[in-house]
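Asks: I am attaching a structure below and will ask some questions about it afterwards.
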Amino acid sequence: MVLESVLCITNEEGFAGALPEWLREHLIRQCRDFRPVTSGGPSRILVIHPSQEARRECLAGLAGEEVVIDRTLHHTLESLETSLLADLRMPRALSLSGGWEMVLNEACAAAAARLEFPILNPLPTMPWGEHKTEALAQLHALLAREGCLKDWDGPGIDAFSRILLRLAKELGGDASGLRHFGGDRAIGGVGEEG
């Protein structure tokens, strides 16, 4: 017996505002009929919402229809990325909640005392302020987003990248998943070889 599988993938951009009626009807149908397509059920549509607010609004509208909603078919880009990384058993992204700012600042201060930031902090006894850590994190996030970490020849980024990589290893997570102080920009590119 040969199992033949046909996958149909389309990409359709929706306009801001309410869901198109055809999509709303299909989402309700897929909530009520869990049969696979091969058994006559409706195809499964994955909806990628522009924001958590839009996702919540859509789910609330479907909940009013008294159906069981498969929330795994409703994502934002960020939640889809997180879900895919978990499904692929990738190392978890480190959380920046709690004392992350303190941990990062202490690691930078210790590196500054070892003169790893010779231009930014030229004396081992010179105090390292939180503002320097925050400025480096913002610069690092910008360079990573633009894909030019390796091209930067200014002070501090190489040492900062090494600190992020070391902290990720010590905390058992993925350095490329680090987020700048709870923001939505990945610090990516840490520890990549050129």
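The values are calculated or read from the model by the stated rules, or taken from the named source; none is laboratory data. Quick caveat, the model's predicted, so the values are computed rather than measured. Cβ sites come from the backbone with ideal geometry, for glycine too, and all protein chains shown count toward neighbours.
Asks: Tell me whether the range 122-138 contains one or more residues that are of a type outside the set (Phe, Trp, Tyr), surrounded by fewer than 16 Cβ atoms within 10 Å (Cβ to Cβ), out of contact with any Leu (no Cβ under 6 Å at 6 or more places or on another chain) and at positive phi.
Replies: The answer is no; no qualifying residue exists.
Asks: Quick test for you: out of Ala112, Ala60, pick the one residue that is under 23 Å from Lys169 (Cβ atoms) and assigned to a helix (DSSP H, G or I).
Replies: Checking each option against the conditions leaves just Ala112.
Asks: Taking the options Leu96, Leu142, Leu149, name whichever one is modelled with pLDDT under 90, part of a loop (DSSP other than H, G, I, E, B) and under 25 Å from Ser51 (Cα atoms).
Replies: Sole residue among the options that is modelled with pLDDT under 90, part of a loop (DSSP other than H, G, I, E, B) and under 25 Å from Ser51 (Cα atoms): Leu96.
Asks: Related question: Does Arg44 satisfy the condition of being farther than 30 Å from Pro127 by Cβ, modelled with pLDDT of 90 or more and not assigned by TED's automatic domain parsing to the domain that holds Pro122?
Replies: So Arg44 does not fit the description; no.
Yes or no, residue by residue, for (1) within 29 Å of Glu13 (Cα to Cα); (2) in contact (Cβ under 8 Å) with a residue 24 or more places away in the chain:
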| site | (1), (2) |
| --- | --- |
| Glu78 | yes, yes |
| Thr82 | yes, no |
| Leu88 | yes, no |
| Leu104 | no, yes |
| Leu120 | no, yes |
| Leu123 | no, no |
| Gly129 | no, no |
| Glu134 | no, yes |
| His140 | no, yes |
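Asks: Restricting the search to the range 121-139, which residues are in contact with a Phe, Trp or Tyr (Cβ under 7 Å, 6 or more places away or on another chain) and outside any helix (DSSP H, G or I)?
Replies: If the condition is that a residue be in contact with a Phe, Trp or Tyr (Cβ under 7 Å, 6 or more places away or on another chain) and outside any helix (DSSP H, G or I), then Asn121 is the only one that fits.
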